[in-house]
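All remarks here apply to the structure that follows.
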Amino acid sequence: MSVADPKTVPHPFELLDEARDRLAAALPEIDREGTHYVAHLSALSQLVEIYFHRLLKPHRISYSEFRVLSTLRARPRDFRATPHDLNEAAQITSAGMTRTIERLERAGYVDRIPNPADRRSVLVGLTDSGWDFAESLVAELADEHRALLGDLDSEGCAAHIEVLRDVIARVTQAIPRVGSRSDERPRHSIGKAP
């Protein structure tokens, strides 16, 4: 899925409000507040993806690669993890993790050694250059995040985080509910009339 470049599209608030107004006109009985709220979350997700892409592009790494590097850098110097453990920590699929580790290994930032506890597995750790690169990158991004927040102080940040944690908890709780309807007939199928 490609993400629209904010320089070439109207301000997200304009798009969101126009969509809300069109929905209200077309389907006045629909709960617009819930739909409008989730639309804002979706817009935020897309904007954060653009933000990280642009921050990391000069360093020639992806956000998935950054998550693995920062996960490993947040541990002691000699720490090593299995790809499965990195999947859990960095929230990347196993196929995505394999590609991510391969790219980071080619760049010289991580290496793999056989796992002494499981011959079928490997342990991934930062190389010396990976350690230094991850440290400087995490510091650079922390400075950028502070600039993003502007004059929002620690108290304001904490209040925003509490709201976001509530939203994350609600979405996390909804996923099994919306995903557990396999026994129900879908309302609409692609290519078939409802």
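In table form, for the structure just shown:
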{"item": "Surface/4 of the Cα convex hull for the chain, nm²", "result": "16.4"}
{"item": "Carbon plus sulfur fraction of accessible area for the chain, probe 1.4 Å, in percent", "result": "56"}
{"item": "Region 89-114 and region 128-145: distance between their alpha carbon centers, rounded to Å", "result": "18"}
{"item": "Relative contact order of the chain, defined on C-alpha pairs under 8 angstrom at six or more residues apart (%)", "result": "14"}
{"item": "Mean Cβ neighbour count within 10 Å, used as a protection proxy, ranking 60-66, 92-98 highest first", "result": "60-66, 92-98"}
{"item": "In degrees, nearest ten, helix 94-106 long axis to first principal axis of the chain (Cα)", "result": "50"}
{"item": "Rounded, prolate or oblate (a/c below 1.5 giving rounded, otherwise prolate when a/b exceeds b/c) for region 85-188 by Cα gyration tensor", "result": "oblate"}
{"item": "GNM result for the chain, Cα springs below 10 Å: residue of R99, R80, R170 fluctuating most strongly", "result": "R170"}
{"item": "Using alpha-carbon coordinates, inclination of helix 154-179 to the longest axis of the chain, degrees", "result": "80"}
{"item": "Estimated [θ] at 222 nm from DSSP helical runs (n ≥ 4, -39500 (n - 2.57)) normalised by residues in the chain, nearest 500", "result": "-21000 deg cm²/dmol"}
{"item": "In degrees, nearest ten, helix 32-56 long axis to first principal axis of the chain (Cα)", "result": "30"}
{"item": "Residue-normalised accessible area of the chain, given per residue in Å² at a 1.4 Å probe", "result": "73"}
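The values are calculated or read from the model by the stated rules, or taken from the named source; none is laboratory data. Given the structure is predicted, the values throughout are model-derived calculations rather than measurements. So basically every Cβ, Gly included, is an ideal-geometry build from the backbone, and we count neighbours across all protein chains shown. Accessible surface areas use protein heavy atoms only, side chains included; no ligands, DNA or RNA. Shrake-Rupley method; radii C 1.70, N 1.55, O 1.52, S 1.80 Å.
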